[in-house]
Amino acid sequence: MVAVRVVFAAFLVMTLGLMGFLENWRSKIGWSLAVVFGVIAFEPALVAPIGRLLRNHNLTIIDGVAILLVLMVVLLFGALRAANGKSAKSLNIINQLVDEQAFDDFDKDYGAVQFNPITVVIPAYYEAANIGKVLESIPRMVHNTAVSVLVVVDGSPDGTDKIVKEHGDFASYVRVNRGQGAALRVGYHLAIEHGAQYIVTLDADGQYDPEEMRDLVEPVLNDEADYVQGSRRMGNYVTDDMIRVLGVYWFNWLIGILIKQKITDSSNGFRAIKAQVLKDLSLSEDQYHAAELLILSMRKNYRVIERPASMYPRTSGHTKKGHNLTYAYHYARVIFKSWLRAI
């Protein structure tokens, strides 16, 4: 039964290797399996009973190996799940510390400042070349309602925050780059904390037309909707990336199937939301967050409608969303994760 001993020796190595990879040397299950595998592999007297057990149950050595492989898969799944739980807790603690630092820094810069009823929240990462033009094009009065602008700089030391302050707008500098979703969560908190009643999100790259904000916020101002999603398919959409175009159609169809409401542009970053909606949502995605925000809002039965929001090529720089396949994978992951959370 040399083969059996070799197999168990291999399982011993795999178990110890898995514990080392996960840096989980205190795992009772891991050490228990390691001892069992080690004793069987290096104690010949235990191999014969295993052989008899297999023969008595009309099992071959292949069947025995298959059973052990199933056990190893279960162990791996449990170990990875435990490791994921620990990393999630650690990430939550880190996010909380980073957020609190950003809030403290903002309070030191501005004190108990009061925002206007409509507040535009702009996440920015290395957008010094674009942010000035974007700020200059934002209307400061919409339907007789004053507008404030808050730019959340997501850890980029390129001077974006200085440009924002030079334009007379509010800037929150987050010291750690985490992603657009995390930056927006900081912006939502600060905007609501300082009196905003309606939140408009806008990208810093110049792809959207801020003048269209007037039509975007009108339904929430008139209490005809709680959440207005911009749609490039209802407005002008200028792009030469056909894969991205097909992705827009595919993901909108998928979300429509899952939440049973037609959406034409789930990933559009131009939107208007009542502050109360954002208070009620538990957002967690640091990146590719648009689907999470939309799906959770719909599942809580908030009134979600769409309005035209044209989209043009970036004025300069390059996208931070990654290649099409990377974006598609992560966006699909967020869609299903958010849908399962909302069931």
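The values are calculated or read from the model by the stated rules, or taken from the named source; none is laboratory data. Remember, predicted model here, so these are calculated numbers, not experimental data. Don't worry about glycine lacking a Cβ; one is built from the backbone with ideal geometry, like all the others, and counts go over all protein chains shown. Accessible surface is based on the protein model in full, side chains and every heavy atom, while ligands, DNA and RNA are left aside. Shrake-Rupley method; radii C 1.70, N 1.55, O 1.52, S 1.80 Å.
What FRET efficiency, computed as 1/(1 + (r/R0)^6) with R0 = 35 Å and r the Cβ-Cβ distance, is obtained for Trp253 and Leu69, rounded to the nearest 0.05? Display every interim value, and only then the final one.
Details: r = 39 Å, r/R0 = 1.11.
It comes to 0.35.
For Val13 and Val176, calculate 0.36 nm times their separation in residues minus their Cα-Cα distance, and state this gained length in nm to one decimal.
54.8 nm
Using mean Cβ contacts within 10 Å as the protection proxy, how do 150-159, 117-126 order, highest first?
Values: 150-159: 21.8, 117-126: 24.9.
Ranking the peptides 150-159, 117-126 by packing returns 117-126, 150-159.
What is the percent carbon and sulfur in the accessible area of the stretch 182-257, measuring with a 1.4 Å probe over the protein chains and ignoring ligands?
Numbers: 1570 of 3130 Å².
Here carbon and sulfur together make up 50 percent of the probe-accessible area.
Pulled fully out, how much extra length does the chain show between Ser282 and Arg214, if you take 0.36 nm times their separation in residues and subtract their Cα-Cα distance? Please report the intermediate quantities before stating the final value.
Numbers: separation 68, 0.36 × 68 = 24.48 nm, distance 2.79 nm.
Stretched fully, the Ser282-Arg214 segment lengthens by 21.7 nm.
Extending each Cα 7 Å along its Cβ direction at Asn92 and His330, get the distance between those two points in nm, one decimal.
With each label placed 7 Å out from Cα toward Cβ, I get 2.2 nm.
In whole angstrom, note down how far apart the Cα centers of the stretch 173-231 and the stretch 101-161 are.
10
Just tell me which lysines come within less than 19 Å, Cα to Cα, of Lys89; anything on the same chain fewer than 8 places away is out.
Lys337
Going through the cross-link list Lys279/Lys300; Lys162/Lys279; Lys133/Lys165, which pairs have a Cα-Cα distance over 21 Å in this structure?
Values: Lys279/Lys300 12 Å; Lys162/Lys279 29 Å; Lys133/Lys165 14 Å.
Over 21 Å apart, Cα to Cα: Lys162/Lys279.
Let's test the formula: R0 of 30 Å, r as the Cβ-Cβ distance of Lys300 and Gln114. What FRET efficiency results, to the nearest 0.05? Before the final figure, lay out the partial values.
Details: r = 28 Å, r/R0 = 0.94.
The computed FRET efficiency comes out at 0.60.
Starting from the Cα of Asp223, step 7 Å toward the Cβ, then list every residue of the stretch 265-285 with an amide N under 19 Å from that point.
273-280
Please work out the average accessible area per residue across the stretch 149-252, using the 1.4 Å probe convention, and give it in Å².
Details: 4150 Å² over 104 residues.
For the stretch 149-252, the per-residue accessible area is 40 Å².
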